[in-house]
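Working notes, structure below.
The values are calculated or read from the model by the stated rules, or taken from the named source; none is laboratory data. From a predicted model like this one, the values you see are computed outputs, not experimental measurements. A quick note on method: Cβ atoms are made from the backbone with ideal geometry, for glycine too, and the neighbour counts reach across all protein chains shown. Note: areas computed on protein heavy atoms with side chains; ligands, DNA, RNA excluded. Shrake-Rupley method; radii C 1.70, N 1.55, O 1.52, S 1.80 Å.
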Amino acid sequence: MIDTLTVSTTGPGLYEFTREARRFVSEAGVSEGLLTVFVRHTSASLLIQENADPDVLADLKNFFRRLVPPADDPSMRWVVHDTEGPDDMPAHIKAALTQTSIGIPVSQGEMMLGTWQGLYLFEHRDRPHRRQIVLHLGG
């Protein structure tokens, strides 16, 4: 089974899509297998992260902005790639530091996520985007 989700973003941050992935797994009818989640972009990434306290998401967003500021920040003078604006190369760096694919075991027809774990698209660009996430369930 394979499907593609579209996640609309409004700027940098984490966008949860756990519910949509659960629905996909449930409708697939596979009791044991592996769900592979893949984002089809080079300036966004995927995370499994806590979904109970929104402060966690805010802190992560702020941490990555401090770790990799926009290319027009004086500390980023070394950046050459700026064709798409000052947030583009930093977005690629953030995506390189995280992941574009996640594997999640499926047992008894459910993802084996922990109690407080959720699936997130991590948008690294400033402007809105429509991101595609591929879900593939093999079993």
For segment 93-106, what are the residues that are loosely packed, with under 15 Cβ neighbours inside 10 Å and more than 14 Å from the chain's Cα centre (by Cα)? PRO105
Only unsatisfied item for PRO90, checking (1) surrounded by 20 or more Cβ atoms within 10 Å (Cβ to Cβ); (2) in contact (Cβ under 8 Å) with a residue 40 or more places away in the chain, is (2)
May I ask you to verify whether ILE133 is open to solvent by less than 60 Å² (accessible area, probe 1.4 Å), more than 19 Å from GLY11 (Cβ to Cβ) and of a type in the set (Val, Ile, Thr)? no
Take the conditions within 19 Å of GLU20 (Cβ to Cβ) and open to solvent by less than 10 Å² (accessible area, probe 1.4 Å) and apply them to GLY109. Does it pass? no
Yes or no: VAL25 in contact with a His (Cβ under 9 Å, 6 or more places away or on another chain) and under 24 Å from PRO105 (Cα atoms)? no
For segment 89-139, what are the residues that are of a type in the set (A, V, I, L, M, F, W, C) and assigned to a loop (DSSP other than H, G, I, E, B)? MET112, LEU113, TRP116
